[in-house]
Amino acid sequence: MVKRSRSKSKKRGFGNIGVKLVAIAIIFGLAFLTCRWLYTALEKQREAEGHLQALLAEKAQLERIQIDLQEEKENLLTSSYIEELAREQLGLVRKGEILVAPREGG
């Protein structure tokens with residue numbers, strides 16, 4: 001009987017090695033999948049950060065435009081600016097003023 005138990009233990013030993021190899025393969029597979037998932041997540045995070053930076057730059061530009069438009073709006077409401085536009089764009093003059101314009105074509 002002693003001989004039989006030895007042969008069984010040898011078979012058990014090979015069976016354990018197979019199970020261990022499968023377990024190791026599963027562990028490496030899970031580690032690979034985890035690393036791949038982390039890499040993909042980091043790529044997406046970098047892409048999102050780049051998009052965020054672009055949006056922040058666009059926001060800053062739009063805020064500057066808003067400030068410029070607000071200043072222009074305030075200027076449009078002043079009588080001096082309205083007079084300047086009337087003179088430059090419409091060619092209007094005040095009472096008593098004479099408009100002097102150069103001749104065209106010569």
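Bear in mind these aren't lab numbers, they're just calculated from the coordinates by the rules spelled out. Treat the numbers as computed from the prediction; the structure is a model and nothing was measured. Using ideal geometry, Cβ is built from the backbone for each residue, glycine included, and neighbour counts are taken over all protein chains shown.
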Q. So how strong a dipole does region 37-104 carry about its Cα centre when Lys and Arg Cβ are +1 and Asp and Glu Cβ are -1, to the nearest 20 debye?
A. 120
Q. Quick one: net charge of LEU52's neighbours, Cβ under 14 Å, K/R +1, D/E -1?
A. 0
**Q.** Dimensionless Rg over Rh [region 40-88; C-alpha; Kirkwood]
**A.** 1.46
Q | Loop-located GluC sites (Glu not before Pro) in region 26-106 whose Cβ has at most 12 other Cβ within 10 Å (DSSP) | A | GLU97, GLU104
Q. Which of the trypsin sites (Lys or Arg not before Pro) found in region 14-106 are loop residues per DSSP with 14 or fewer other Cβ atoms within 10 Å of their Cβ?
A. ARG94, LYS95, ARG103
Q: Would you mind ranking LEU85, LEU42 by Cβ crowding within 10 Å, fewest neighbours first?
A: LEU42, LEU85
